[in-house]
Amino acid sequence: MFYDDRWQDPSPDEAARLLADCAALDLPYRLDAATTSVGLHRPDFYPSVELVRLADPGWEVSHLELFFLRREGKLHHLNGTAPTIHETNAAGEISITDTNVLDYLEFFCFFVRGEAGPFLIVHSLSTSHVPFLPDRALASQLEELICPPFYSGRDGRDHRGCEATILYGNSLFAARFEVAPSGMVRMGDDEPLVFDLPVHVDAPIT
C-alpha cells in the first residue's frame, strides 16, 4: 500500500504524547506504552499532516490498527467514514499531483469504507491486507486478472483519471476513478472480475 515501509518510529517522548492524546479521545482501547506501537508517516499529498498508526497485539482483535490524521497538533480519527478526510482537504491541506495521485487514491479507498470494508487497491496478491489464497490454481487466476493501478492523465478541469483493480469484501473488480484537486473521488465504470472468493479482506480500523 501507499504507506508500506514508510513508517517512522517517534521518539519515546513523542510516542508518550501521542498515546496521551489518543487516550484523551476516549476510544474503547487500552493504550500502554509498553505494548502499543506507534508509527508516523507524512504522505506526499498532505505536506503538513501526519498519519499516525497504533497497534497492540493485546487488543481483543489482535490485528486491529487505529489510524489518525494529526493536523495542527490535533488528532482526527480515521474511522472508516469520509468526514475526517473531507475536513482535512477542505482546510487546504491537500496537494494532489500527477506523482502522488495514486497514493491518495489508495489512502481514500482504504479509509472510506463500505459495508464489506475497504475498497482495497491491489497491486498483486502480495499487497498488504490481501488474504492468503491456499488454492494455488485460483491464486494464479487472480494474478492474471490483477492490473496494478495506473494514472491515465488529466482532463480540462484538472481532474485526474486512474484505473485500478479493487478487492472489496470477497469480490475482485476493475474500476475507473476520477480524482479532483479538492480530493473528492468519484468511481466511474467498474467491471466485475471474480465474485464469492473463499476469503475476504479483513483489515479492521475500529
message: Condition first: modelled with pLDDT of 95 or more, of a type in the set (Val, Ile, Thr) and in contact with an Asp or Glu (Cβ under 6 Å, 6 or more places away or on another chain). Can you find one or more residues in the range 128-146 that meet it?
response: no
Strands (runs of 3 or more DSSP E) fully within the range 15-96 counting 3 or more residues that are in contact (Cβ under 8 Å) with a residue 40 or more places away in the chain: 49-55, 65-71, 74-78
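Quick check on this structure: which one of Asp4, Asp26 is farther than 29 Å from Pro149 by Cα, of a type in the set (D, E, K, R) and at pLDDT below 95?
Unique residue meeting the criteria: Asp26.
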message: Being surrounded by fewer than 16 Cβ atoms within 10 Å (Cβ to Cβ) and among the charged types (D, E, K, R) is the filter here; which residues of the range 22-56 pass it?
response: Asp26, Arg30, Asp32, Arg42, Asp44
query: Which residue out of Leu125, Leu120 is in contact (Cβ under 8 Å) with a residue 40 or more places away in the chain and either at negative phi or over 16 Å from the mean Cα position of the chain (by Cα) (or both)?
result: Leu120
message: I'd like the full set of residues that are farther than 20 Å from Pro118 by Cβ, among the small types (Gly, Ala, Ser) and either buried (at least 17 other Cβ atoms within 10 Å of the Cβ) or touching a Phe, Trp or Tyr at 6+ places or on another chain (Cβ under 8 Å) (or both), limited to the range 65-98.
response: Ser95
query: Only one residue in Gly188, Gly183, Gly169, Gly161 is in contact with a strand residue (DSSP E or B) (Cβ under 8 Å, 6 or more places away or on another chain) and closer than 23 Å to Pro43 by Cα. Which one?
result: Gly161
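What do you reckon, is Ser128 among the polar types (S, T, N, Q), in the same structural domain as Gly188 (by TED's automatic domain parsing) and in a loop (DSSP other than H, G, I, E, B)? Explain how you work it out, then say what you get.
On the way: among the polar types (S, T, N, Q): yes; in the same structural domain as Gly188 (by TED's automatic domain parsing): yes; in a loop (DSSP other than H, G, I, E, B): yes.
Yes, satisfied.
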task: Could you tell me whether any residue of the range 131-142 is surrounded by 14 or more Cβ atoms within 10 Å (Cβ to Cβ) and under 18 Å from Thr206 (Cβ atoms)?
output: no
query: If you take the residues in the range 172-199 that are over 16 Å from the mean Cα position of the chain (by Cα) and part of a loop (DSSP other than H, G, I, E, B), which one is farthest from Gly161 (Cα to Cα)?
result: Pro198
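The values are calculated or read from the model by the stated rules, or taken from the named source; none is laboratory data. None of these values were measured; they are calculated from a predicted model. Note: ideal-geometry Cβ built from the backbone for every residue, glycine included; neighbour counts use all protein chains shown.
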